[in-house]
Amino acid sequence: MNLPISASEAEAADAVSWHRGTCRLCGTGCRVQLGLDGKGKPVAMRGEPESRTNYGYLCMKGMMFYKIMTHPDRLKMPLYREKKTDEFREISWDDALDIAARKFAEAKQEFGPDSTAYYGSGQCLTEETYLFQKIMRAALQTNNVEGNPRLCMASAVGGYLTSFGADEPIGGYDNIEKSSCMFLIGSNMAEAHPVIFRRVMRHKMNNRDKVKIINADPRISATSRIADMHMQFKPGTDLAMLNAMAYVIIEEKLYDQKFIDDYAVFRQDKNVKVDMETFWKSLQDYTPEKAAKICGGNITAQMIRDAAHMFAKSDGTMTFWCMGINQRKRGVWANNLIHNLHILTGQLCKEGADSFSLTGQPNACGGVREGGGLCHILPGHRLVAKEKLRNQVEDAWGIPRGRIAPKPGSHTIKMFQQVNSADIRAIWINCTSPAQSLPNVDLYRRGWRVRTSLSSPPISSRPKRLNCPTWCCRQLSTLKNRSLWLHRAPQSDYTAHG
Ligand code: SF4
């Protein structure tokens, strides 16, 4: 395999033209240039030097991506089979789109708008998500619009909404080079977000004494190697550690009183306002000494105090976390406790400071969450349930008021339960492989296996299953392409993957 390891080597490949794009492999969102040879074949990939995210760099995954585009397993044409027992056969794009349109229209006509659904991905372009949800809402009149960020980013969204009242981080990657403390928790960014990690590492190497890095993680990873302090707690005890840091910040008056006065409100639950003293008393079970016992590992009370000092006293503290926080039980709480540290210390809304959840995919925020790709929100985070906001979208789209259904659609899990129960008859799955990524996926796999039985009772007397052969999903999950894979089941359920 020829792997260009630098921009100049990529330059030296046989590329005669370069085309800009975005790497879809991780949440960094590197801008890339794809090199094509004289016959239009991809022969190299390099970073876009003008990108303010990756500044011309790519990691190994991004650099090798062009190989996938010519891999023999990659689908180039839509595949279709009338019955599940048939072999797939290639069909034309025109035929594929006609079949898809007809099947969705038939489902709507026979079983109503909510018998159709769309399940997208944070790997889609913003335009793709926007267009799909518009078709579902404006044409098919259903809010059954979901995407896999519902699974991967739910805790981050819940945390941002409950701490700040709005989804998504306040700052951006720009803060990395301006920060003087970085708190990396629940993320092995050296491997999961290599280009962002490169920026973190370079900033640290250029400012060894000034920039402090705390890595909080049960594992020793490549990320820990650049840390000044590695807080190695027992898995599942991070809430105690974060509460203890908040305890120290208040006990030792490390907080930013002006920031708190200007922007913060302490609440006991959603409706009861309290003062900082009451909040601090609620942390009495998490003194550093008590928390150190809970956290185990290498955690000591002094380590928690030191971390709280580094966090609070730096000119700008940035926290990065990823699925170690977002995909744990009580993930929203974990997000809230990180935000609490930033709010208490005023490490927000200034250069070098941010409370920043990394994402697993490049376009979960901008594409799916901003683009209206979830069942309860229209573009721009407008709630489906609010008539005024629905009307804004209807006016913008030039469709009659009242066209968008007032009831939010089914969230991801309900959507696939409804596929099993045949309440959903036609679903378009775009750039994602729920047969691998749904939690408790076996629930659905069992259904698919039953479905393969030719002795299944007729449609009217048995729950329908998503007909999605595992081998095909495996294949699809490596493609990230826009090829259409169509498959029609014996019982008239219909699935399309893009
Ligand atoms: S860091 Fe992520 S977005 Fe950038 S090249 Fe690597 S996989 Fe692609």
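Please treat every number below as a calculation from the coordinates, not as lab data. Since we're looking at a predicted model, the values are computed, not measured. FYI the Cβ positions are ideal-geometry reconstructions off the backbone, even for glycines, and counts take in every protein chain you see.
Side notes on the structure shown:
- Spread of Cα-to-Cα distances over 20 Å intervals beginning at zero, given as percent, for the chain: 21, 48, 29, 2
- Hits among aspartates and glutamates - C-alpha to C-alpha of Lys270 under 18 Å, sequence gap 8 or more where chains match: Asp167
- Averaged over residues, the count of other Cβ atoms within 10 Å places the peptides 153-163, 259-269 in the sequence 153-163, 259-269, highest first.
- At full extension, Met60 and Glu177 could sit 39.8 nm farther apart than now, given 0.36 nm per residue minus the alpha carbon distance.
- Approximating the spin labels as points 7 Å out from Cα along Cα→Cβ, the Asn206-to-Asp269 distance works out to 4.9 nm.
- Using a Förster distance of 22 Å, the FRET efficiency for Lys253-Glu277 (Cβ separation, nearest 0.05): 0.95
- Peptide packing for 177-189, 207-219, 86-98 was compared via the average number of neighbouring C-beta atoms within 10 Å per residue; ordered from the highest value, the list is 177-189, 207-219, 86-98.
- Taking each DSSP H run with n ≥ 4 as -39500 (n - 2.57) and averaging over every residue of the chain yields -10500 deg cm²/dmol at 222 nm.
- Rounded Å value of the spacing that divides the Cα centres of the range 296-371 and the range 242-262: 15 Å
- Zone of Cys349's modelled label, taken as backbone nitrogen in the range 139-171 under 18 Å from a point 7 Å along Cα→Cβ: 160-171
- Rounded FRET efficiency, nearest 0.05, which uses the C-beta distance separating His411 from Lys386 and R0 of 22 Å: 0.75
- Among the listed pairs Lys178/Lys273; Lys41/Lys134; Lys281/Lys329; Lys178/Lys253; Lys258/Lys281; Lys84/Lys108, those beyond 27 Å (Cα-Cα): Lys178/Lys273; Lys41/Lys134
- Close amide H contacts of Gly316 (hydrogens built in the peptide plane, cut-off under 5 Å, sequence separation of 5 or more or a different chain): Ser180, Cys181.
- Residues of type aspartates and glutamates that Lys83 reaches as a straight line, Cα spacing below 15 Å, ignoring anything fewer than 8 places off in the same chain: Asp493
- Prolate/oblate/rounded label for the range 7-70 (Cα gyration tensor, a/c 1.5): prolate
- Overall form of the range 385-449 per C-alpha gyration tensor (a/c, 1.5; a/b vs b/c): prolate
- Where labels lie 7 Å past Cα in the beta-carbon direction, separation of Glu110 and Lys313 in nm: 7.1 nm
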